[in-house]
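One structure is given below, encoded as structure tokens.
The values are calculated or read from the model by the stated rules, or taken from the named source; none is laboratory data. Note that the structure is predicted; figures quoted are calculated from it, not measured. Backbone-built Cβ (ideal geometry, glycine too); neighbour counts: all protein chains shown. For the accessible areas, the whole protein counts, side chains as well, though only heavy atoms, and no ligand, DNA or RNA atoms are used. Shrake-Rupley method; radii C 1.70, N 1.55, O 1.52, S 1.80 Å.
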Amino acid sequence: MKKQYKIIKLPKGGGRFRTIYAPNKAYKEKLTSFLLDLQQKVHDADKDYTIHGFMRGRGPVSNALKHVGYAYTLSLDLKDFFDSVKAEMVKEYLSEEELDLCFIDGIARQGLPTSPLIANLAFLKLDKMIKNAIAEEGVYTVYTRYADDLIFSFNHKDFAATLETLVEKIITDGGFVLNRKKIKLQSAKSGRRMITGIGVGKREIYPSRKLKRRIRATVHQKNREKAFGLLSWAECREARGF
């Protein structure tokens with residue numbers, strides 16, 4: 001099948017652009033036919049519930065719940081996540097047809113419906129390496145990943161620097177790049193920690209003020225379906241099961 005798509009440049013500010021590959025109808029439908037299989041492969045491989053982005057039955061709420069009750073949260077961000085995913089990283093998971101159609105110039109381009117799940121598959125080995133490295137340090141730490149956001153919660157502040165160093169080495173050796181501009185360390189002493197848009201406290205999670213404003217705006221626009229989804233998020237309900 002011929003890959004037909006448009007390349008769209010979206011301004012990001014500062015003279016930079018986000019490049020989106022928008023497939024035509026036929027190409028998109030073919031890629032969409034792979035999604036259920038890709039979703040199942042990620043679910044089967046992620047047995048300890050580390051990945052929460054682009055996953056049925058998981059989302060911002062399930063991700064935030066993992067971090068309830070900790071003193072510190074370190075958030076790390078991957079730079080150009082999809083564009084860092086090469087076909088050779090996932091060849092053990094994909095069929096020849098999937099490998100041929102889900103990559104453009106050998107890269108899982110942003111805009112293709114398959115790229116989020118393929119990126120999850122590509123990072124699986126690194127997720128495991130990160131968890132193993134943390135275990136060797138002997139400091140109890142919760143690790144989850146939401147797309148390109150790597151989130152760690154723990155109770156010893158001085159572990160943050162060690163954690164940042166060991167994680168950066170793992171992801172760099174694995175072909176990804178840490179976005180050093182988005183490194184963030186939060187302390188429970190300063191109030192609720194914000195994780196994937198949700199306030200996380202000692203025992204509970206809470207909707208953010210920004211989310212509440214979005215709900216009011218959506219209700220005002222009479223977009224019932226979107227309002228219902230946001231309300232579910234605000235009430236901190238977990239996503240439906242896979």
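Taking VAL42, is it in contact with a helix residue (DSSP H, G or I) (Cβ under 6 Å, 6 or more places away or on another chain) and in a helix (DSSP H, G or I)? Yes: the conditions hold for VAL42. Sub-6 Å Cβ pairs linking a first residue in segment 99-128 that is more than 18 Å from ARG56 (Cα to Cα) to a second residue that is surrounded by 17 or more Cβ atoms within 10 Å (Cβ to Cβ) and among the polar types (S, T, N, Q), at least 6 apart or interchain, are CYS102/THR114; ALA108/SER115; ASP127/THR50, ordered by first then second residue.
Can you find even one residue in segment 27-46 that is touching a Phe, Trp or Tyr at 6+ places or on another chain (Cβ under 9 Å) and either of a type in the set (Val, Ile, Thr) or at pLDDT below 90 (or both)? Yes, segment 27-46 contains at least one residue that is touching a Phe, Trp or Tyr at 6+ places or on another chain (Cβ under 9 Å) and either of a type in the set (Val, Ile, Thr) or at pLDDT below 90 (or both).
Scanning segment 155-192 for residues that are modelled with pLDDT under 95, surrounded by 15 or more Cβ atoms within 10 Å (Cβ to Cβ) and not in a loop (DSSP other than H, G, I, E, B) gives no hits. Looking across segment 1-27, the residues that are closer than 11 Å to GLY111 by Cβ and loosely packed, with under 12 Cβ neighbours inside 10 Å come down to LYS6, ILE7, LEU10. Within segment 95-114, being in a loop (DSSP other than H, G, I, E, B) and either open to solvent by 40 Å² or more (accessible area, probe 1.4 Å) or of a type in the set (Val, Ile, Thr) (or both) holds for SER95, ASP105, GLN110, THR114. Filtering segment 64-78 to residues that are at pLDDT below 95 and within 18 Å of ASP148 (Cβ to Cβ) leaves only ALA64. Within segment 143-154, does at least one residue satisfy the condition of being more than 30 Å from LYS91 (Cα to Cα) and either surrounded by 13 or more Cβ atoms within 10 Å (Cβ to Cβ) or of a type in the set (Val, Ile, Thr) (or both)? The answer is yes; a qualifying residue exists.
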